[in-house]
Amino acid sequence: MSAVTTITSEILALKRERKAVILAHHYQDSEIQELADYTGDSLELARKARDFDGGVIAFCGVWFMAETAKILNPTKTVVVPDAEAGCSLVDACTAEQTRAFKRRYPDHAVVSYINTSAEVKAESDIICTSRNAVKVVESFPASQPLLFLPDVNLGNWVQRQTGRQNMRIWQGACIVHATFPARRLVHLKHQHPDALVAAHPECPPEVLALADFIGSTSAIIEWAVNAPSEEIIVMTESGVRHSLERLAPGKRFVFVPNENCNCSECPYMKRNTLEKLRDCLDTLEPRVELPDELMRRAALPIERMLALK
Ligand code: 13P
Ligand code: SF4
């Protein structure tokens, strides 16, 4: 038996023993996505975590996603293969900075991207993901001033989509998407003149201006599979290639290296491995533990988002 086959059978055995579900974000390595019960974007995985009725949620994604799972289903044990699977956007905005903003602008409602810590969520009026950010912002009366945090590119894109002027936007960025250079996309468009372009809204405005479609990871996959082109240039993390090639085997998907790693990979997402997944199911560590009061406060803005139809 190969090493991967052995680890896979160990994971499946531990999963049964723990009555666990394996949730994987689209940016995980293919072998993790293959084993997962569900693969999805941050919104879909939050819903799956909320509705899970077993014992353990093994969250193959980044820490804020696992925290969201715990907040939505607090009686379950939530483990993550690697505790260092963070996110540059989470690091860009602290709870103390959010409280300082609220003291300075008490009339603003706080719309926080799901890529934030539990502490920042607890300071927020509502949460959004890249899939529903426009709808979440439009759920406020036009006269309500907003703070959108922490992603500057997503915030600016939502502002362009909604035409909303009374919106202050934090200046945080994703180290993967914000460093995709438009000039590399222009070059690829010349090399692939028939290709269409899909982009995640965390990309810079010059990249988004060249995109035929802008949306969350799952929305990009859904669109690309049905798009009227055999070639798609994909401006997001290369883990989505797994679902794209499974769902549209006849198409060609081109990924663009960014200026951070000269690759299209999220270094935080890629910290998770099959070995670490096995170990976290075995030891139930690293485990998400949050104070009850914090979870209660952070749950309110997440539930408000999930209640929006
Ligand atoms: P999605 O909500 O599209 O899954 O995006 C999460 C993320 O971290 C993108 O970089
Ligand atoms: Fe965070 Fe960017 Fe990685 Fe998504 S891709 S988890 S936003 S660092």
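Since every read-out is calculated from the coordinates, none of them should be taken as a lab result. Just so it is clear, the structure is predicted and the values come from calculations on it, not from any experiment. Here Cβ is always computed from backbone atoms with ideal geometry, including for glycine, and neighbour counts include all displayed protein chains.
Observations
- Helices (runs of 4 or more DSSP H) wholly inside the stretch 1-108 containing at least 3 residues that are among the β-branched types (Val, Ile, Thr): 3-18
- The stretch 249-259, subset in contact with a helix residue (DSSP H, G or I) (Cβ under 9 Å, 6 or more places away or on another chain) and part of a loop (DSSP other than H, G, I, E, B), residue nearest to ligand 1 (Cβ to nearest atom): ASN258
- Hey, LYS309 surrounded by 16 or more Cβ atoms within 10 Å (Cβ to Cβ), out of contact with any Leu (no Cβ under 6 Å at 6 or more places or on another chain) and charged (D, E, K, R) or not: no
- Residues located in the stretch 193-215, provided they are in contact with a strand residue (DSSP E or B) (Cβ under 8 Å, 6 or more places away or on another chain) and either among the β-branched types (Val, Ile, Thr) or in a helix (DSSP H, G or I) (or both): VAL197, VAL207, LEU208, ILE214
- ASN262 vs. criteria crowded, with 21+ Cβ neighbours inside 10 Å and assigned to a loop (DSSP other than H, G, I, E, B): no
- Single residue of VAL62, VAL56 found to be under 30 Å from ASP282 (Cα atoms), of a type in the set (A, V, I, L, M, F, W, C) and in contact with a Gly (Cβ under 7 Å, 6 or more places away or on another chain): VAL62
- Selection over the stretch 30-52 of residues that are away from ligand 1 (no atom under 16 Å from the Cβ) and either farther than 21 Å from GLU289 by Cβ or in contact with a helix residue (DSSP H, G or I) (Cβ under 6 Å, 6 or more places away or on another chain) (or both) gives a count of 6.
- The stretch 109-124: number of residues that are away from ligand 1 (no atom under 16 Å from the Cβ) and part of a loop (DSSP other than H, G, I, E, B): 2
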